[in-house]
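Input: a single structure, listed below in structure tokens.
The values are calculated or read from the model by the stated rules, or taken from the named source; none is laboratory data. Worth saying up front: this structure is predicted, and the values here are computed from it rather than measured. Cβ coordinates were reconstructed from backbone atoms using ideal geometry, including for glycine residues, and neighbour counts include every protein chain displayed.
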Amino acid sequence: MARKAYLILADGTVFEGSGFGAEGEAVGETVFTTGMTGYLETLTDKSYYGQIVAQTFPLIGNYGVIPEDFESGGVAAGGYIVRQWCQDPSNFRSEGGLDAFLKSKGVVGLYGIDTRRLTKLLRESGVMNGMITPERPNGVPDAVKNFAIRDSLKNCSAKAEYTVNPGGKIKAALLDYGLKENIVRELARRGCAVTVFPYDTPAERIRALAPDGIMLSNGPGDPREPENAPVVANLKRLAEYGIPIFGICLGNQLLALAHGFEIEKLKYGHRGANQPAKDLTTGRTYITSQNHGYAVVSRSIDARAGREWFVNVNDGTNEGVIYENAPISSVQFHPEACSGPRDASWLFDRFTAQMEVYHAAR
């Protein structure tokens, strides 16, 4: 028998549905993602740390649970909302169902609500805090009013450094702010030995590895938080070494802060696998996978330090920066694209070529 569950938002709106996954309550920033596939990658993407994720596509779980598709070993999202979850998945790679998976990870789920209405509300009012609860709320709980995402990098980064594909000719250092595993796979596929470092690894330790390039990963939270100031200061030092650097998503924002640019919070963010990003260098538009609630303020980009590379065709916000006088660049979207279109995977080829040039010149 279905068990009653509710979503209450910070503005007092209540949605009534049924619970699945783990029992209990979940508090977080309520966001939506528009991907029609890729629910496993969404659930295991650490960029959703501290958030309650609503899927706009109505049927979720139809191809089951496939561990090979995970982007991390756990689920960072605090809660999960779908219109309908498939109780009888069918896929030759499936190793179980969504309900049991959420239970095993302690993730509270909600289904049977009007996700279209929820999405429209968040688009009009902006993302807001919410709570999934088994008891119908009487007013907005203090836990919802006071919730804020904290210590996101500390909780989502690797605890110790490790190397993947150690026999690779080109050495890539990857700073882990909450990385998606496909970033590692894409670099290793191109022959790189990838050493993953915790988010707070000093620049001097990374330099001691003598890497041919430095990758900055995606990750959750507000890059402007005071707790991230040491991370930004560390990037300033890394940028002075002359080593090729490429940032993705949060990496794009942290690099911007390290160069004195500004960050803004978007009304409801870009989350899904159908976001158009235009390359201002070539005029070509790519369909990209994205997951972020913050963006670099385009007008804050100092032409003496860098130039805008990509913009979002839908709202004109920044999607990437190329820096002057150094082999440094970054994008706001996900060129590793799991799940999502492969249009922008050439960016890994570009970065690998930069690393090869640097390696040959040493």
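Summary table
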| read-out | value |
| --- | --- |
| Exclusive hit being more than 16 Å from the chain's Cα centre (by Cα), surrounded by 24 or more Cβ atoms within 10 Å (Cβ to Cβ) and of a type in the set (Gly, Ala, Ser), set GLY64, GLY78, GLY109, GLY96 | GLY109 |
| Options ALA256, ALA273; residue that is over 14 Å from the mean Cα position of the chain (by Cα), under 16 Å from ASN312 (Cβ atoms) and crowded, with 21+ Cβ neighbours inside 10 Å | ALA256 |
| Unmet criterion (only one of (1) surrounded by 22 or more Cβ atoms within 10 Å (Cβ to Cβ); (2) at pLDDT 95 or above; (3) hydrophobic (A, V, I, L, M, F, W, C)) for VAL297 | (1) |
| Some residue of the stretch 176-193 being surrounded by fewer than 24 Cβ atoms within 10 Å (Cβ to Cβ) and under 30 Å from GLY19 (Cα atoms) | yes |
| Pairs where the first residue, in the stretch 284-310, is closer than 26 Å to TYR39 by Cβ and the second is part of a loop (DSSP other than H, G, I, E, B) and of a type in the set (Ser, Thr, Tyr), C-beta under 7 Å, 6+ apart | SER289/SER339; ALA295/THR317 |
| Any chance ILE60 is aliphatic (A, V, I, L, M), under 22 Å from GLY340 (Cβ atoms) and either touching a Phe, Trp or Tyr at 6+ places or on another chain (Cβ under 6 Å) or not assigned by TED's automatic domain parsing to the domain that holds ILE132 (or both) | yes |
| Residue match in the stretch 177-197 (condition: assigned by TED's automatic domain parsing to the domain that holds GLY306, out of contact with any Asp or Glu (no Cβ under 7 Å at 6 or more places or on another chain), touching a residue at least 12 places away in the same chain (Cβ under 8 Å) and of a type in the set (S, T, N, Q)) | no |
| Any pair with Cβ under 7 angstrom, 6 or more apart, that starts in the stretch 347-362 at a residue that is surrounded by 17 or more Cβ atoms within 10 Å (Cβ to Cβ) and assigned to a helix (DSSP H, G or I) and ends at one that is of a type in the set (Lys, Arg) and at pLDDT 95 or above | PHE348/ARG190; THR352/ARG190 |
| Any hit, the stretch 307-326, residues being closer than 29 Å to ALA210 by Cβ, of a type outside the set (Val, Ile, Thr) and touching a Pro at 6+ places or on another chain (Cβ under 9 Å) | yes |
| So ARG342, is it loosely packed, with under 15 Cβ neighbours inside 10 Å, under 19 Å from the mean Cα position of the chain (by Cα) and either assigned to a loop (DSSP other than H, G, I, E, B) or free of Cβ contacts under 8 Å to residues at least 40 places away in the same chain (or both) | yes |
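Here's the yes/no breakdown for (1) at pLDDT below 95; (2) part of a helix (DSSP H, G or I); (3) loosely packed, with under 14 Cβ neighbours inside 10 Å:
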position: THR37; (1), (2), (3): yes, no, no
position: VAL53; (1), (2), (3): no, no, no
position: GLN87; (1), (2), (3): yes, no, yes
position: ARG116; (1), (2), (3): no, yes, yes
position: LYS120; (1), (2), (3): no, yes, yes
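So that you can scan it fast, the table gives a plain yes or no per residue for (1) touching a helix residue (DSSP H, G or I) at 6+ places or on another chain (Cβ under 9 Å); (2) hydrophobic (A, V, I, L, M, F, W, C); (3) more than 29 Å from LEU121 (Cα to Cα); (4) in the same structural domain as SER125 (by TED's automatic domain parsing):
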| position | (1), (2), (3), (4) |
| --- | --- |
| LYS278 | no, no, no, no |
| VAL296 | yes, yes, no, no |
| TRP309 | no, yes, yes, no |
| PRO327 | yes, no, yes, no |
| ALA337 | yes, yes, no, no |
| PRO341 | no, no, no, no |
| ALA344 | no, yes, yes, no |
| THR352 | yes, no, yes, no |
